[in-house]
1. Quick one: order 28, 7 by neighbouring beta-carbon count within 10 Å, fewest to most.
2. Give me the number: length gained by fully extending residue 64 to residue 33, i.e. 0.36 nm times residue separation minus the C-alpha to C-alpha distance, one decimal in nm.
3. Residue farthest toward the positive end of the dipole of region 7-60, with Cβ of Lys/Arg at +1 and Asp/Glu at -1: which of 58, 20, 40?
4. If you project the alpha carbons of region 7-60 onto their three principal axes, what span does each projection cover, largest first, in Å?
5. At a Förster distance of 41 Å, what's the computed FRET efficiency of residue 42 paired with residue 75, Cβ-Cβ distance as r, to 0.05?
6. Can you compute the FRET efficiency between residue 51 and residue 24 using 1/(1 + (r/R0)^6), with r the Cβ-Cβ distance and R0 = 22 Å? Round to the nearest 0.05.
Amino acid sequence: MVSQRITVGIWRNLAARLRQHSRAEGKTRSQLVRSARELGRRRGSGSSSAYESAREAGLIGGMRDALAGLSANLHHFQVFGRNK
């Protein structure tokens, strides 16, 4: 029996993948999360960088057809926070 519970917020696409794997494996979502955490612990803290972990989890990436560098566009700095 689990001695302590926590609540973790995850992205919708990750929740959907977790549900799919749960059904396919015949395990609860909690069992899969605990197994994944244990596997990560066994690999050791130096096995990958935070960037690599986030990239593998689908948390970072690129966008196609997006506006280029809003932070470097002077116009966006001049109008940021102003009411239209």
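We did not get these values from a lab; they are worked out from the coordinates using the rules stated. Because the structure is a prediction, the values reported are computed rather than measured. Here the Cβ positions follow ideal geometry from the backbone for every residue, glycine too, while neighbour counts run over all protein chains shown.
1. With the fewest neighbours first, 28, 7 line up as 7, 28.
2. 8.0 nm
3. Value: 20.
4. Dimensions of region 7-60 along the principal axes of its Cα atoms: 31, 24, 21 Å.
5. After rounding, the FRET efficiency stands at 0.25.
6. Between residue 51 and residue 24 the formula returns 0.15.
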